[in-house]
Structure formats: C-alpha cells, structure tokens
Amino acid sequence: MLGTAIERRRIMIVLGVFAALALITPFLDLFLQSLVTEILVFGILAMSLDILLGYTGLASLGHAAYFGVASYASAIIMTKKSWVVTYAMFTWTDSAGLGLFYLFFIGVLVAIAFSAFFGYLAIRAKDVYFLMITLSLAMVVWGLAYRWSAVTEGDNGIIVPGRPSLFGFSLEEGLPFFYFTLAIFLLCLGVLYLITQSPFGRTLVGIREREERMEMLGYNIWLHKYLAFIIAGTFSGVAGVLWTLYNLFISPPDVELITSAEALFMVALGGPATLVGPVIGAAIIRSLQQFVSIYVERWPLILGSIYIITIMLSRLYGVDGILGIANKFRRSFAAENNPKD
Amino acid sequence: MVSLSIANVIELSYSSLSYASLLFLLASGLSLIFGVMRIVNLAHAAFFLFGGYIGLEAYNIFYGTASIMPRLIQLATWTALYFAWRGLSRAAGEGRAALGLLSAYIITEIVTSMIWDYRFIELFFPVIKLQKIDQVNFLALSGAIAVAVIVVGLGGMLIERFFLRHFGHDTLAQVLVTIGFAFILQDGSLYTWGGDNFMFEAPWPFNQSIMIADMSFPQYRLFMILVAVLVGLALLFGIERTRLGAIMRATVDDPEMARGIGINTNIVSMSIFAIGALLAAIGGVVGGAFFGVYPGLDFEILPYAFAVVIIGGLGSLTGAVVGSLVVGFMENFGTALFPELSYFALFAPMAIILAVKPTGLFGKG
C-alpha cells in the first residue's frame with residue numbers, strides 16, 4: 001500500500017499546522033485568541049460527530065444533547081451550593097488543584113450515560129428514523145434545560161464565576177486557557193485518530209459501506225453502531241465541559257436544534273470521514289459568525305444561504321466538503337502523472 | 001404534583017383536543033411530505049410561521065391598515081427581473097447575464113442610496129409594518145387563509161422544484177437544505193414584519209366563550225377543531241377517492257412503474273410538497289389567534305410536530321391523527337400536573353413507543 005507514506009505526511013502536516021497555531025496565537029489580539037479557542041472547542045464537537053456521521057454513516061441531529069448535558073453538569077457542580085455532596089467534592093478537589101479533572105470526570109460521565117441511554121433507543125432505527133429519534137431525544141434535553149428551572153435556571157442560564165485552576169496554575173487569562181484547550185483538542189484528535197485507524201474503526205467504515213455484508217461476515221452491527229454512538233457522545237461531552245469553561249455561561253440555546261444542525265453542517269462542509277475536515281468546517285462557520293455578525297444584522301439569513309449553497313454545490317459536483325475538493329484535485333493530478341494506476 | 005378536579009379535567013381535555021387539532025394541521029403536512037417523498041422537512045414549522053405572518057398581512061390589507069402597494073411593486077419587480085434574465089441570458093449567455101444584472105443592481109443600489117434615502121432592495125423584499133386588528137369578521141379570516149395557502153403553497157413548489165429535487169434520498173443533504181430554508185424564512189420574516197408578537201383576534205362568533213357549570217369553553221378552540229376535522233376529511237377523501245389521490249398512491253408504491261405508465265412523478269412530487277406546505281400555512285393562520293405570531297415560534301413547535309409523526313408513524317394519516325391526540329393531551333395534562341417536567345412527560349412515552357416500534361404506531365417503514 002502507498003497509504004503509509006502519504007498518511008505519515010498528512011499527520012506531519014496536521015501537527016505542523018497546530019504547532020504553528022500554538023506559536024502564533026500569543027501574538028494575536030484577545031478577540032482572535034478567543035475565536036481560536038472557540039473553534040477548537042467546536043472542532044472537538046464536530047470531530048466527535050464525524051465518528052458517527054462520517055465513519056459510521058449515521059446522521060444524528062441531536063448531537064448537541066451530549067454536549068449540552070456535559071456542559072450543564074459541569075456548570076451545575078461548580079455553582080449549585082445546595083447540592084452539598086457534588087459542591088463539597090468540587091471545592092475539595094479545587095483546593096487540591098484538581099477541580100478540572102473532577103469537572104471533566106463528572107461531565108463526560110454524564111454525557112456517556114445520556115448517550116448510552118439515548119443510543120440504546122436510537123440505534124435500532126435506520127436513516128431518517130434515526131435522525132428524527134436523535135432529534136427528539138435531544139429536544140428532551142433542551143426541554144429539561146429550558147423548563148426544569150430548579151436545576152438548570154431555565155431561560156436565564158447558569159453563570160459560572162470562574163475557571164478552576166490546573167495544579168494551582170490559573171487558567172483565568174485567555175492565553176493559558178487556549179493552551180489548555182489546545183492540549184485537550186490534540187488529545188481528542190489523537191485518540192479519535194487511533195480509533196478510526198483501529199480494526200474497530202475499519203469495521204465502522206465497512207458498516208457504512210455495506211451493512212448486510214458486514215453482518216454476513218459475522219460482525220455485530222448493533223454493538224458497533226452503539227459503541228460508535230457512545231464514543232461520539234463521550235467526546236461531545238469533552239467539548240461540552242470545555243464550552244462551559246470557555247464561555248463561563250450555559251443557557252438553553254446552546255443545546256437546541258440549531259447547535260445540532262450546525263455540528264452536522266460543520267462535518268458536511270469540511271468533509272465527512274476525515275476528522276480534520278470537520279475542524280476546518282468549524283473554523284469556517286465560527287469565524288464567519290464572529291466576523292459577519294459584526295457588520296450585518298441578518299446573520300441567520302446568511303447562514304441559511306451558506307447551508308443551501310454549500311450543499312447544492314457539493315451535490316451537483318459530487319464532492320464531499322472542502323477536503324473532498326482537495327482529494328479530487330489530488331486524485332486527478334495523480335492520475336495524470338501515473339496513468340498506470 | 002397538583003390534583004385536578006373533574007371540571008379541570010374536562011376543561012383540559014377540551015383545550016387538549018383543540019391543541020391536537022392545530023398539531024394535526026402542522027404534522028399532517030410533514031407526514032404527507034415524508035410518506036410520498038421521503039423528505040424530512042425541517043422547514044415545515046417555518047412554513048407554519050410564514051403562513052401566520054402572511055395571513056396577518058392579508059388581514060391588515062383587508063382592513064386598510066397596511067398598503068398592498070409594496071406587494072404589487074414586488075411582484076412587478078420580480079416579473080421584470082425574470083424577463084430581463086430571460087432576454088439577457090438568451091442574448092449573452094447565463095454567466096454574463098447574471099453578472100450584468102448583479103452589477104446593474106449594485107450600481108442602482110449605490111446611486112439610489114446616494115440621491116435619496118431609499119434602499120433599493122425593498123423593491124424586491126419590502127418591509128411591511130403590521131398593526132393589531134380589533135374588528136374582524138369571518139370573511140377576512142377565510143380570505144387570510146386563502147392568501148396564505150396560495151403564497152406558501154407556491155413557495156413550497158419552488159423550493160421542491162429548484163432545490164430538494166436534486167438530492168434524491170440523500171437524507172443529510174435534505175436536512176441541511178431544509179434547515180437552511182428554516183433559517184432564511186425565520187430571519188426573512190423578522191426582516192419583513194419585525195419582531196413584535198402579533199395576536200390574531202378571533203372573528204365573531206368565535207371570540208366568545210360558552211359557560212357551562214362554571215367551566216368556560218372558548219369557542220375559538222371549537223373552530224380550530226372544526227378546521228382540523230375538515231382538513232382531515234378532505235385529505236382522506238383526496239387520497240382515497242380521487243384520481244389525483246390514486247396517482248399519488250401509485251407514485252408512493254412504485255415510482256418507476258408510475259413513470260412507466262405515463263405519470264409525471266416530478267409534478268406529483270411538486271404538488272405533494274406544495275400541499276404539505278399549505279397545510280402548515282393553514283395551521284399558521286388558524287393558530288395565530290392561539291399562539292400568536294412571533295419570531296422563534298417555528299423552532300418552538302417543530303419538536304411537537306416531530307413528536308406527533310414519530311408517535312403516529314411517518315407517512316400515515318391515521319398516525320398523524322392519533323399522534324396529534326396523544327401529544328395534545330400529554331402536553332396539556334403534563335403542563336398542568338408537572339409544569340417543570342412537561343417536556344419530559346411528552347417525550348418519555350415517545351421514547352418508549354420508539355423502543356418497542358421504531359417506525360411509530362402506524363408507520364409502514
């Protein structure tokens with residue numbers, strides 16, 4: 001296979017880009033630093049959805065739910081003083097400089113629990129039904145966030161006073177928090193990459209391409225899909241906890257359908273089944289939102305048009321997102337150079 | 001947990017029934033579009049909202065509180081644009097025609113804004129100031145429904161013809177494009193009609209309430225039930241008893257065979273999408289006196305429409321009826337009994353139904 005050399009070069013390129021990002025960011029202004037951090041957070045969300053949409057071929061329209069529950073869980077244990085046990089645990093771990101680990105542990109655990117339960121209900125369904133079930137289960141989470149005001153503060157949302165320190169090292173400033181986010185992002189990217197390269201990941205691709213054949217070969221389709229769902233939920237939870245820490249505020253709009261659709265669009269825009277593509281999608285959408293909404297008040301109108309134009313173009317020309325265009329060019333280039341292939 | 005008296009239960013059942021009627025108007029279109037075309041239309045609730053606004057504007061025009069001129073000018077501008085495009089693209093090719101028209105537009109926009117304070121874009125997309133209407137009658141309501149039905153139906157037709165047709169059964173593309181339209185319709189209506197919450201006044205005799213033994217029954221809710229029953233019967237009759245319905249059913253069962261015997265399935269798809277959209281528009285106008293009409297209403301009711309079709313099963317008329325009733329009662333009783341968890345009370349039974357039968361109670365899938 002010629003795969004390995006190309007694959008190694010790709011990894012070097014991606015690592016190079018992020019090393020460059022780590023070097024450049026300190027020289028950017030505060031607005032851009034914050035934007036880059038936000039892109040990384042949504043990049044994790046989009047990557048996690050890519051496991052489901054790109055690799056397994058399951059279009060989930062409720063991915064903001066796992067993001068949201070983790071986000072809410074971490075916000076609640078940081079602020080809810082009347083919940084004695086969780087709050088005492090938080091202050092205790094925080095005083096030891098381990099508050100972040102506690103937040104991630106609980107937040108991700110909650111995300112895993114929700115995705116395990118919702119996935120159990122949803123995986124049986126196919127195609128459109130899967131999409132609608134994930135959508136409506138996510139609406140349950142939104143409904144809880146919106147109406148269960150005893151816990152979630154309802155429409156007002158939860159304001160978090162500050163970020164816990166990491167081993168006594170303060171993350172309150174934008175730049176240290178950026179590096180923290182970048183570290184978590186690279187960890188997620190690495191783990192997800194290993195998952196997609198593993199036999200398990202290959203099986204997911206097989207299921208996406210030919211479900212019946214994989215079933216005949218003796219693979220447990222249900223279990224593979226279910227595990228993919230939980231993995232996606234887990235990393236979505238990581239993104240959720242980071243979002244609370246980044247934004248220091250969580251409210252129902254962060255959990256709603258629009259966020260789920262946006263995650264789906266980031267994957268479709270960047271290129272499904274590429275891991276890096278969805279991050280590019282997240283970068284484009286988030287930067288556009290930040291820049292365009294300064295100058296134009298009609299952002300949703302523009303966002304809607306971007307959705308339609310992108311999908312129309314990609315379907316009419318038969319490419320999958322931005323990385324899909326790059327691949328198409330490279331393939332035709334390679335075909336010209338080596339006609340025998 | 002609140003305990004309910006018998007009178008409460010009767011009143012709640014009445015409002016649940018009327019709420020279910022509204023949900024039926026919304027969800028039957030969604031279900032129809034899915035059943036025939038396998039399209040999950042996330043813009044469906046936006047059609048509902050858009051229908052509400054169009055009805056409201058028609059109301060205003062009937063009572064002289066808004067002018068019809070901007071709309072006539074809009075129609076004329078778009079017609080002129082269409083013919084200019086046709087002429088130019090024939091003479092100079094499509095690319096050059098588009099470039100020419102675009103630069104002509106930009107120059108005009110700059111010139112007009114320099115000479116006098118006018119935004120040229122309002123010729124194409126007018127901004128309408130609406131007023132609250134107090135005096136109303138039944139005729140105006142029917143007129144408003146008719147206008148909304150025509151406009152939204154035509155709009156749905158265009159969306160199907162120029163966008164959704166290209167995607168076949170690509171669910172992801174359909175979802176993202178329809179949600180794109182949902183954003184555009186939502187923000188477009190905010191641009192056109194502003195962000196105020198408008199309430200329709202129910203026309204006489206439906207603005208009264210009947211009082212029976214200290215229980216009040218607003219008659220408008222009866223009207224909603226009536227409309228839903230009429231629409232449901234019309235759909236049932238249309239699908240089961242007419243030639244058009246037979247063509248439609250043939251297209252659903254075997255599109256290739258239908259094409260083979262000379263049915264134009266493209267036109268069938270277009271009409272089905274238009275019918276689904278206009279059902280939502282009827283719901284929007286009728287529901288305007290119930291929910292009010294305001295930006296964001298669409299994404300608020302969309303989950304209910306999905307709950308209905310998920311419980312009842314996509315693509316089944318019986319399913320839409322049963323689903324509407326289940327959701328209507330769940331929502332009203334849930335809100336009365338456990339206000340904080342009403343959403344949960346609504347979606348939890350849905351999850352159970354799904355776990356047992358993923359295609360919904362009456363779904364064929």
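Would you check if there is a residue in the range B:95-109 being over 30 Å from B:A144 (Cβ atoms), polar (S, T, N, Q) and outside the structural domain of B:A144 (by TED's automatic domain parsing)?
Looking through the range B:95-109, at least one residue is over 30 Å from B:A144 (Cβ atoms), polar (S, T, N, Q) and outside the structural domain of B:A144 (by TED's automatic domain parsing).
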- Please determine, by comparing only the residues of the range A:295-314 that are open to solvent by 60 Å² or more (accessible area, probe 1.4 Å) and at pLDDT 80 or above, which one is nearest to the other protein chains (Cβ to nearest Cβ). A:I309
- Kindly provide the set of residues from the range B:141-155 that are over 16 Å from the mean Cα position of the chain (by Cα) and either facing chain A (nearest Cβ under 10 Å) or surrounded by fewer than 19 Cβ atoms within 10 Å (Cβ to Cβ) (or both), ordered by number. B:S142, B:G143
- Query: Does B:V147 satisfy the condition of being in a helix (DSSP H, G or I) and in the same structural domain as B:D298 (by TED's automatic domain parsing)?
  - Reply: yes
- Item | Matching entry among A:A326, A:A261, A:A239 (being touching a residue at least 60 places away in the same chain (Cβ under 8 Å) and either under 25 Å from A:R163 (Cβ atoms) or away from chain B (no Cβ under 11 Å) (or both)) | A:A239
- Query: What's the number of the condition A:F180 fails, among (1) more than 28 Å from B:L354 (Cβ to Cβ); (2) more than 17 Å from the chain's Cα centre (by Cα); (3) away from chain B (no Cβ under 14 Å)?
  - Reply: (2)
- State whether the residues of the range A:35-52 include one that is on the phi > 0 side of the Ramachandran plot and open to solvent by 10 Å² or more (accessible area, probe 1.4 Å). no
- Qualifying positions in the range B:309-335 - in contact (Cβ under 8 Å) with a residue 12 or more places away in the chain and either open to solvent by 30 Å² or more (accessible area, probe 1.4 Å) or not assigned by TED's automatic domain parsing to the domain that holds B:L42 (or both): B:L317, B:T318, B:V321, B:V322, B:L325, B:V326, B:F329, B:M330, B:N332, B:F333
- Candidates A:W142, A:W148, filtered to the one that is out of contact with any Leu (no Cβ under 7 Å at 6 or more places or on another chain) and at the interface with chain B (Cβ under 9 Å from one of its Cβ atoms): A:W142
- Do we have any residue at all in the range B:156-179 that's away from chain A (no Cβ under 14 Å) and at pLDDT 85 or above? yes
- Query: Are any of the residues in the range B:238-249 surrounded by 13 or more Cβ atoms within 10 Å (Cβ to Cβ) and touching a residue at least 40 places away in the same chain (Cβ under 8 Å)?
  - Reply: yes
- Item | Of all residues in the range B:26-46 being crowded, with 24+ Cβ neighbours inside 10 Å and in a loop (DSSP other than H, G, I, E, B), the one that is nearest to the other protein chains (Cβ to nearest Cβ) | B:V40
- Query: Do any residues in the range B:115-136 that are assigned to a helix (DSSP H, G or I) have Cβ atoms under 8 Å from those of residues that are at pLDDT 80 or above and among the hydrophobic types (A, V, I, L, M, F, W, C), where the two are at least six apart or on different chains, and which pairs are they?
  - Reply: B:L123/B:I73; B:F124/B:W78; B:F124/B:L81
- Message: Criterion first (part of a helix (DSSP H, G or I), within 17 Å of B:S15 (Cβ to Cβ) and within 13 Å of chain A (Cβ to nearest Cβ)) does B:E340 satisfy it?
- Response: no
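Restricting attention to the range B:207-225, does a residue exist that is more than 14 Å from chain A (Cβ to nearest Cβ), within 18 Å of the chain's Cα centre (by Cα) and not in a helix (DSSP H, G or I)?
No, there is no match, as no residue in the range B:207-225 is more than 14 Å from chain A (Cβ to nearest Cβ), within 18 Å of the chain's Cα centre (by Cα) and not in a helix (DSSP H, G or I).
What residue, of A:F101, A:F117, is over 21 Å from A:N247 (Cα atoms), of a type in the set (A, V, I, L, M, F, W, C) and free of Cβ contacts under 8 Å to residues at least 40 places away in the same chain?
Step by step, each of A:F101, A:F117 is checked, and only A:F117 is over 21 Å from A:N247 (Cα atoms), of a type in the set (A, V, I, L, M, F, W, C) and free of Cβ contacts under 8 Å to residues at least 40 places away in the same chain.
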- B:S269, sole failed condition from (1) farther than 29 Å from B:A144 by Cα; (2) open to solvent by less than 40 Å² (accessible area, probe 1.4 Å); (3) in contact (Cβ under 8 Å) with a residue 12 or more places away in the chain: (1)
- Query: Just a yes or no: is a residue in the range B:1-15 surrounded by 24 or more Cβ atoms within 10 Å (Cβ to Cβ), part of a helix (DSSP H, G or I) and either small (G, A, S) or in contact with a Cys (Cβ under 8 Å, 6 or more places away or on another chain) (or both)?
  - Reply: no
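Conditions tested, residue by residue: (1) touching a Leu at 6+ places or on another chain (Cβ under 6 Å); (2) over 30 Å from A:V319 (Cα atoms); (3) among the acidic types (D, E).
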{"position": "B:E160", "(1), (2), (3)": "no, no, yes"}
{"position": "B:G180", "(1), (2), (3)": "no, no, no"}
{"position": "B:D196", "(1), (2), (3)": "no, yes, yes"}
{"position": "B:M211", "(1), (2), (3)": "no, yes, no"}
{"position": "B:P218", "(1), (2), (3)": "no, yes, no"}
{"position": "B:L222", "(1), (2), (3)": "no, yes, no"}
- Task: Answer yes or no: is there a residue in the range B:178-188 that is surrounded by fewer than 20 Cβ atoms within 10 Å (Cβ to Cβ), out of contact with any His (no Cβ under 9 Å at 6 or more places or on another chain), more than 23 Å from A:L135 (Cα to Cα) and in the same structural domain as B:G287 (by TED's automatic domain parsing).
- Result: yes
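The values are calculated or read from the model by the stated rules, or taken from the named source; none is laboratory data. Note that the structure is predicted; figures quoted are calculated from it, not measured. No Cβ is skipped: glycine too gets one built from the backbone with ideal geometry, and neighbour counts run over all protein chains shown. Areas reflect the complete protein model, heavy atoms only, side chains present, ligands, DNA and RNA absent. Shrake-Rupley method; radii C 1.70, N 1.55, O 1.52, S 1.80 Å.
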